[in-house]
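Written below as structure tokens is the structure these notes are about.
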Amino acid sequence: MGKRAHLVYIALLIAWTVIAGWQSMEHRRVRRAARAELINRAKDISTTLGIVLRSQRRFGGVISKERLESALQELVNPQELRGVALLNVAGEVVASAGEPIDPELKGLLRAGAHWGKDTVTLMNLVDLGADASAESEGPRPTIILPRMDRPPQPTNAPGPILPGPGAGPQGMPQPFPPGQQFLGHPPPTGAAPATEPAAPWPQRERQGRPRFGRPPWMTEDQYKALIEKQGVHSFVIALSTHAMRTAINHDLWLRIVICGLATVAVFGLGLAWRNLVRSSELEVRLARAAELNARLREMNIAAAGLAHETKNPLNIIRGLAQLVAKQESVPADVREKCCEIVEEVDRVTAQLNEFINFSRPREVRRTAVRLNNTVNDVVRTLGHDIEEKAVKLEIQPDMPTIEADEQQLRQALFNLLLNAIQAVDRNGRIQVLTQRIGPNEIALEIRDNGPGVPPEHRTEIFKPYFTTNEKGTGLGLAIVHQIVLAHGWEIECLPNEPRGAVFRISHIKVLG
């Protein structure tokens with residue numbers, strides 16, 4: 001049974017480990033799926049950003065910074081998209097919207113993603129939509145310029161373009177004169193006054209020139225320098241991870257609850273199995289005990305019958321010994337031996353009587369019993385023993401009427417009082433009294449000032465054949481214990497202060 005129990009416990013532990021490992025793997029899978037979903041969402045947003053870039057581009061692939069940032073700002077949502085930054089080749093921000101991107105992350109963004117506490121920062125998720133120009137074999141990135149800036153104009157620029165105020169340092173653009181627009185053509189001779197602004201973006205050029213190529217008023221070197229400074233090489237977006245973390249935490253708590261329920265289930269199954277094993281063992285022991293009790297009961301009945309039958313020859317022996325002791329012709333030593341035989345036969349007969357009483361089934365016939373009358377009857381029976389030791393006996397005069405089997409109660413009081421008389425010294429003191437312990441219950445106490453009972457023997461003295469008296473049989477208190485249990489009462493041995501013992505019978509029902 002023990003080996004089987006160990007195997008069951010090991011199986012339950014393995015099952016719990018499998019469930020916990022499974023939930024851990026599922027949580028990691030959900031976490032990866034949540035991250036992947038956030039990355040996919042980032043790709044969708046990046047695709048939208050690419051469309052915004054392409055939609056804002058005009059002649060020469062140039063976008064107004066103000067218009068672009070205004071369009072990007074419409075996409076920023078604190079609950080999802082926290083910030084956007086467009087970078088040039090050197091990693092410098094040329095346009096942004098929303099929360100600023102931490103510059104210290106630039107070196108880490110080459111890996112593609114950086115997971116922070118509240119955000120995830122991603123870079124270069126989609127193609128920015130660069131177009132190939134007919135004048136160059138490489139891609140032409142989008143250029144972002146403020147509205148008041150314009151590219152430098154060479155002196156040999158073709159077409160009806162008025163010369164500007166000249167290129168600034170390093171060939172970077174200078175502001176237009178008042179009345180002119182960014183990348184717009186100045187009004188020709190006879191056109192509208194300069195106070196009326198020109199169209200913000202030029203219409204398609206002459207037939208044969210591509211829409212998104214190099215502007216015609218720039219040289220290739222000037223265009224490349226502008227691309228390095230203001231061209232969009234890459235862009236970065238910062239997404240909020242609040243929704244992802246909420247979903248992950250919800251799943252984590254769900255897995256914890258599942259593991260907790262699995263733990264409770266495994267623990268409960270373990271306890272149930274242990275209780276089952278103990279119940280099985282207890283049933284086996286009870287069956288063996290029942291079988292043993294049946295055999296003991298049979299042996300007890302046989303022993304009681306044998307004891308009863310033994311009393312007859314003992315009575316014959318006692319009678320013959322008494323007859324011989326009365327003969328005057330018999331020598332004195334023979335008469336003395338006959339008197340010893342009579343005393344020994346009386347002792348054995350008393351033991352047989354106690355054994356028969358102990359073996360007798362206890363069937364309680366409850367009636368109304370007046371305690372004072374029953375105690376006085378028992379005292380009269382023990383009058384010779386009380387007078388021989390000059391014991392001072394005190395009986396409470398107003399003891400109530402109780403419900404009990406009078407004959408068995410009389411026998412229990414007889415054994416307790418006899419035990420107290422044998423325990424006290426000459427001129428000792430014995431008290432019989434009652435105490436209320438409830439509205440309908442009392443406790444009956446027999447107190448003496450004898451040597452008392454040692455603490456280690458206070459529960460053993462109620463067992464059969466246990467005695468501390470050399471002349472005792474060890475059955476007197478055992479019979480008292482049987483009678484008390486048959487009535488549903490309780491008995492205990494307590495110390496009597498300052499000296500002696502108290503035998504207390506409690507839970508006695510009061511009738512009046």
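The values are calculated or read from the model by the stated rules, or taken from the named source; none is laboratory data. Fair warning: this is a prediction, and the values are worked out from it, not measured in the lab. We place every Cβ from the backbone using ideal geometry, glycine too, and count neighbours over all the protein chains shown. Calculation scope for accessible area: heavy atoms of the full protein, side chains included, ligands and nucleic acids excluded. Shrake-Rupley method; radii C 1.70, N 1.55, O 1.52, S 1.80 Å.
Beta carbons closer than 7 Å, at least 6 apart along the sequence or on distinct chains, never pair a first residue in the range 267-288 that is in contact (Cβ under 8 Å) with a residue 40 or more places away in the chain and open to solvent by 100 Å² or more (accessible area, probe 1.4 Å) with a second that is in a helix (DSSP H, G or I) and aromatic (Phe, Trp, Tyr).
Would you call Val84 open to solvent by less than 10 Å² (accessible area, probe 1.4 Å) and modelled with pLDDT under 80?
Values: open to solvent by less than 10 Å² (accessible area, probe 1.4 Å): yes; modelled with pLDDT under 80: no.
Answer is no for this residue.
In the range 433-482, which residue that is of a type in the set (Asp, Glu) and out of contact with any strand residue (DSSP E or B) (no Cβ under 9 Å at 6 or more places or on another chain) is surrounded by the fewest Cβ atoms within 10 Å (Cβ to Cβ)? Can you show your working first?
From the range 433-482, those of a type in the set (Asp, Glu) are 441, 445, 448, 456, 460, 470; that's our starting set.
So of that shortlist, the ones also out of contact with any strand residue (DSSP E or B) (no Cβ under 9 Å at 6 or more places or on another chain) come out as 456, 460, 470.
Numbers: Glu456: 7, Glu460: 14, Glu470: 5.
Per the stated criteria, the residue is Glu470.
Within the range 222-274, the only residue that satisfies the criterion of being closer than 30 Å to Arg82 by Cβ, aromatic (Phe, Trp, Tyr) and modelled with pLDDT under 85 is Phe235.
Would you point out the residue of the range 232-266, among those that are of a type in the set (S, T, N, Q) and surrounded by 11 or more Cβ atoms within 10 Å (Cβ to Cβ), that is nearest to the chain's Cα centre (by Cα)? Break it down stepwise before answering.
So in the range 232-266, the residues of a type in the set (S, T, N, Q) come out as 234, 240-241, 246, 249, 263.
If we keep only those that are surrounded by 11 or more Cβ atoms within 10 Å (Cβ to Cβ) too, we end up with 234, 240-241, 246, 263.
Working: Ser234: 52, Ser240: 35, Thr241: 31, Thr246: 24, Thr263: 9 Å.
Of everything passing the filter in the range 232-266, Thr263 is nearest to the chain's Cα centre (by Cα).
Restricting attention to the range 291-330, the residues that are more than 17 Å from Gln351 (Cβ to Cβ), modelled with pLDDT under 75 and either not in a helix (DSSP H, G or I) or not aliphatic (A, V, I, L, M) (or both) total 4.
Residue by residue through the range 44-58, note down the ones that are of a type outside the set (S, T, N, Q) and surrounded by 14 or more Cβ atoms within 10 Å (Cβ to Cβ). Write out each step before concluding.
So the first thing to find is which residues in the range 44-58 are of a type outside the set (S, T, N, Q), and the list is 44-45, 49-54, 57-58.
Across the range 44-58, the qualifying residues are Ile45, Leu49, Gly50, Val52, Leu53, Arg54, Arg57, Arg58.
Pairing each residue of the range 218-229 that is under 18 Å from Glu92 (Cα atoms) and among the aliphatic types (A, V, I, L, M) with any residue that is open to solvent by 40 Å² or more (accessible area, probe 1.4 Å) and modelled with pLDDT of 75 or more, provided the two are 6+ apart or on different chains, yields C-beta distances under 9 Å for Ile227/Val89; Ile227/His233. Considering the range 429-462 alone, what residues qualify as being part of a loop (DSSP other than H, G, I, E, B) and closer than 27 Å to Ile402 by Cβ? Within the range 429-462, Ile437, Gly438, Pro439, Asn440, Asn449, Gly450, Val453, Arg458, Thr459 qualify.
Of the residues making up the range 3-37, those that are among the charged types (D, E, K, R) and either in contact with a Pro (Cβ under 7 Å, 6 or more places away or on another chain) or open to solvent by 100 Å² or more (accessible area, probe 1.4 Å) (or both) are Lys3, Arg4, Arg28, Arg29, Arg31, Arg32, Glu37.
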